[in-house]
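Below is one structure, written out as structure tokens; the observations come after it.
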Amino acid sequence: IANFINGELWGRPAPDFPSAVVFPHAGPEPRHPSQLYEAFAEGLLLFLLLAWAVRRFGFRRPGLIGGIFVLGYAVARIA
């Protein structure tokens, strides 16, 4: 979210996207707010996935929650 506030790491141009943002140092065309997508995926979605895993499996299987976190974080970064 700090990258969004600072206007860093903007996404691809998206002139027809309704939630596109014009960043100060990225030129005049609207762009995808990729920082917010990443914050959503790595924050809320990953938290919900981990909360579900803890409720479903608990801490009975060593390394399961950590493995889900690493895999979920990697998938969120790639997406």
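If I ask for residues that are at pLDDT below 85, more than 30 Å from Gly67 (Cβ to Cβ) and either of a type in the set (A, V, I, L, M) or loosely packed, with under 12 Cβ neighbours inside 10 Å (or both), which ones from segment 1-14 would you list?
Result: Ile5, single match.
Say we look at segment 40-79 and pick out the residues that are among the charged types (D, E, K, R) and under 27 Å from Arg12 (Cβ atoms); which of these is least open to solvent (accessible area, probe 1.4 Å)?
The selected residue is Glu42.
Are any residues in segment 7-28 more than 17 Å from the chain's Cα centre (by Cα) and either in contact (Cβ under 8 Å) with a residue 24 or more places away in the chain or more than 22 Å from Ala79 (Cβ to Cβ) (or both), and if so, which ones?
Answer for segment 7-28, where residues must be more than 17 Å from the chain's Cα centre (by Cα) and either in contact (Cβ under 8 Å) with a residue 24 or more places away in the chain or more than 22 Å from Ala79 (Cβ to Cβ) (or both): Pro15, Val22, Pro24, His25, Gly27, Pro28.
Under the condition of being charged (D, E, K, R) and touching a helix residue (DSSP H, G or I) at 6+ places or on another chain (Cβ under 8 Å), which residue from segment 32-57 is farthest from Gly7 (Cα to Cα)?
Filtering segment 32-57 down to residues charged (D, E, K, R) leaves 38, 42, 55-56.
Still in the list and also touching a helix residue (DSSP H, G or I) at 6+ places or on another chain (Cβ under 8 Å): 38, 42.
Values: Glu38: 14, Glu42: 19 Å.
So the residue we want is Glu42.
Within segment 54-62, is even one residue within 17 Å of the chain's Cα centre (by Cα) and without any contact (Cβ under 8 Å) to a residue 24 or more places away in the chain? So that I can check it myself, show each step before the final result.
Of all residues in segment 54-62, those within 17 Å of the chain's Cα centre (by Cα) come to none.
No: segment 54-62 contains no residue that is within 17 Å of the chain's Cα centre (by Cα) and without any contact (Cβ under 8 Å) to a residue 24 or more places away in the chain.
Restricting to segment 15-25, name every residue that is assigned to a loop (DSSP other than H, G, I, E, B) and surrounded by 16 or more Cβ atoms within 10 Å (Cβ to Cβ).
Hits for segment 15-25 are Ala20, Phe23.
The values are calculated or read from the model by the stated rules, or taken from the named source; none is laboratory data. Predicted model, so just to flag it, every value in this text is computed and none were measured. Cβ coordinates were reconstructed from backbone atoms using ideal geometry, including for glycine residues, and neighbour counts include every protein chain displayed. Just the protein is used for accessible areas: all its heavy atoms, side chains included, with ligands, DNA and RNA removed. Shrake-Rupley method; radii C 1.70, N 1.55, O 1.52, S 1.80 Å.
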